[in-house]
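The values are calculated or read from the model by the stated rules, or taken from the named source; none is laboratory data. Note that this is a predicted model, so its numbers are computed, not measured. FYI the Cβ positions are ideal-geometry reconstructions off the backbone, even for glycines, and counts take in every protein chain you see.
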Amino acid sequence: MDISIRAGVRAGNPAAFGQIFEEHGRAVHRYAVRVTGDWATAEDVVSLTFLEAWRLRAKVEPDGESLRPWLLGIATNVLRNTRRAARRHTNAMAHLPLPAVVPDFADELAGRIADAAQLAAAKAALEQLRPAEREVFALCVWEGLDHAAVAEALGKPVGTIRSRLSRARKRLQELTEKQLSASASAQGNMQRRPARGQVLDDCASAATTLKETHR
Amino acid sequence: MNATPQSRSEQAEREELARLLPAAADPDLSPSRHLLLKEHLMNTVADHHRTTPAKRPRSRRTLALRIAIPAGLAAAGIAIASLTGHPLSSSPQASGPTVTTGTISAVGYTLQSSNHLVTLTVVNAENKIDLAGLQHNLDRLGIRAHVYAGDPGCSDGIRAVGNAPDLEGLRDAPAGDAAKSGLTFADQGQGTVMEVVPDKIPAGDTLFLYFPLAETSPVNTFRDWVAGLLQGTAPTCLPAQTYTNPFAAQEHQH
């Protein structure tokens, strides 16, 4: 099935592009929100990613599995330099619908406020890593791509992905140790680990999840 | 994914790394924004299709392709029809290669596309119609269309008028060329049939299908729906209506 989609995308078939947007648009958006922490920017990134996909359609390999790694790789490039990507598609971006500043429904707004705190905490922690390690971490850990798919997304050898992940782990463990000692001396051992998906108090308390994990 | 030792070790590594950072939340793109962004992409792609061929000089080679492609599409249409059990009439003069040929049957509706004509039949029976699926199927057929389920929370300044699904407050729409695009609507007993010629939809216009009861009374979705053309930027939502059974009082009496 993905082979025919790949053929359709390579041929510039509008229906194929409609289908890959249906299948992967939300994943690209989720990735962009997690990395930027900003819903409006993330919508621009989604549009630019698919406009870039349209521009680069001839580069899609004829054979392969899901096109998600390819799209997330394009999204990564767009995130690295959103302005450059926007310049390439000035005309199309001029017709982009205005971003929804306020969500349509109250539930969505409440969910977004909760997500914002959680995203800010995750983003602040991620920024402790080098940019190259951040990208690999986000694609592998948050988006669930395996090493080979991350390698495909970033156009790097699998060995490079493994070493970047390894460096990311080492760096995060070092940060954990530092926070453990700082936190223990300042606050004692009273912090509790917030459950996954719950609203976090702030970046600092979210970062204390590092502490509880290693007991 | 197969649970190979390698994939298991990668999974374990992912989990370990995930524990080193706060969870990243699960932000979702709302259906209305998803639709808008998709429409923006599809319009850009359609613009490219409209402008690119005009730049190419015509040659014997392109003439040969113009003949060969419709024949290929007609053959594909026959193949799909035989698979789904729905006969399709093939047109040897077909053009408009962006519209796929075929028949799609789903709960509550049938969508049929020849190279020139798209026919949507909504069956007159209580069904919960999957409108997201209908949107997806229209996209698959390469038709620039927007399917709206009446949204009870819609506050886009658009109001439904009376009991019929007429609308007031649309910024630029409805467009005036519905007849020129071959858009017709007819109740044929078993169902309501809409026909449209996608190639004739004016540039910048979008076909819209509006089902005002879809959210408030899903099984009655078939009872009230309209189609037309929208000019300019399509609204993010259209309002819902409530279904009142006109025979309810009589049923209580018996």
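Annotations for the structure displayed:
- Just one residue in the set B:Ala160, B:Ala178 is at pLDDT below 65 and assigned to a loop (DSSP other than H, G, I, E, B); that residue is B:Ala178.
- Test: residue in the stretch A:75-92 that is under 19 Å from B:Thr236 (Cβ atoms), assigned to a helix (DSSP H, G or I), modelled with pLDDT under 90 and within 11 Å of chain B (Cβ to nearest Cβ): no
- Selection status of B:Leu167, part of a strand (DSSP E or B), under 27 Å from B:Val107 (Cβ atoms) and at pLDDT 80 or above: no
- Residues being more than 9 Å from chain B (Cβ to nearest Cβ) and under 15 Å from A:Ile74 (Cα atoms) - total across the stretch A:17-27: 3
- Number of residues in the stretch B:15-32 that are surrounded by fewer than 18 Cβ atoms within 10 Å (Cβ to Cβ) and touching a residue at least 60 places away in the same chain (Cβ under 8 Å) equals 1.
Yes/no per residue for (1) buried (at least 22 other Cβ atoms within 10 Å of the Cβ); (2) in contact with a Cys (Cβ under 7 Å, 6 or more places away or on another chain); (3) closer than 26 Å to B:His146 by Cα; (4) without any contact (Cβ under 8 Å) to a residue 24 or more places away in the chain:
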| position | (1), (2), (3), (4) |
| --- | --- |
| A:Asn13 | no, no, yes, yes |
| A:Ala32 | yes, no, yes, no |
| A:Gly37 | yes, no, no, no |
| A:Asp44 | no, no, yes, no |
| A:Thr49 | yes, no, yes, no |
| A:Ser66 | no, no, no, no |
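- Picking from residues in the stretch A:52-64 that are in a helix (DSSP H, G or I) and touching a Lys or Arg at 6+ places or on another chain (Cβ under 8 Å), the one that is farthest from the other protein chains (Cβ to nearest Cβ) is A:Ala58.
- Among the residues making up the stretch A:7-16, those that are of a type in the set (A, V, I, L, M, F, W, C) and more than 7 Å from every other protein chain (Cβ to nearest Cβ) are A:Ala7, A:Val9, A:Ala11, A:Ala16.
- For the stretch B:194-214, filtered to residues that are in contact with a helix residue (DSSP H, G or I) (Cβ under 7 Å, 6 or more places away or on another chain) and at pLDDT 85 or above, the residue that is surrounded by the most Cβ atoms within 10 Å (Cβ to Cβ) is B:Phe211.
- Test: residue in the stretch A:17-35 that is modelled with pLDDT under 90, in contact with a Lys or Arg (Cβ under 8 Å, 6 or more places away or on another chain), of a type in the set (Val, Ile, Thr) and outside the structural domain of A:Ala132 (by TED's automatic domain parsing): yes
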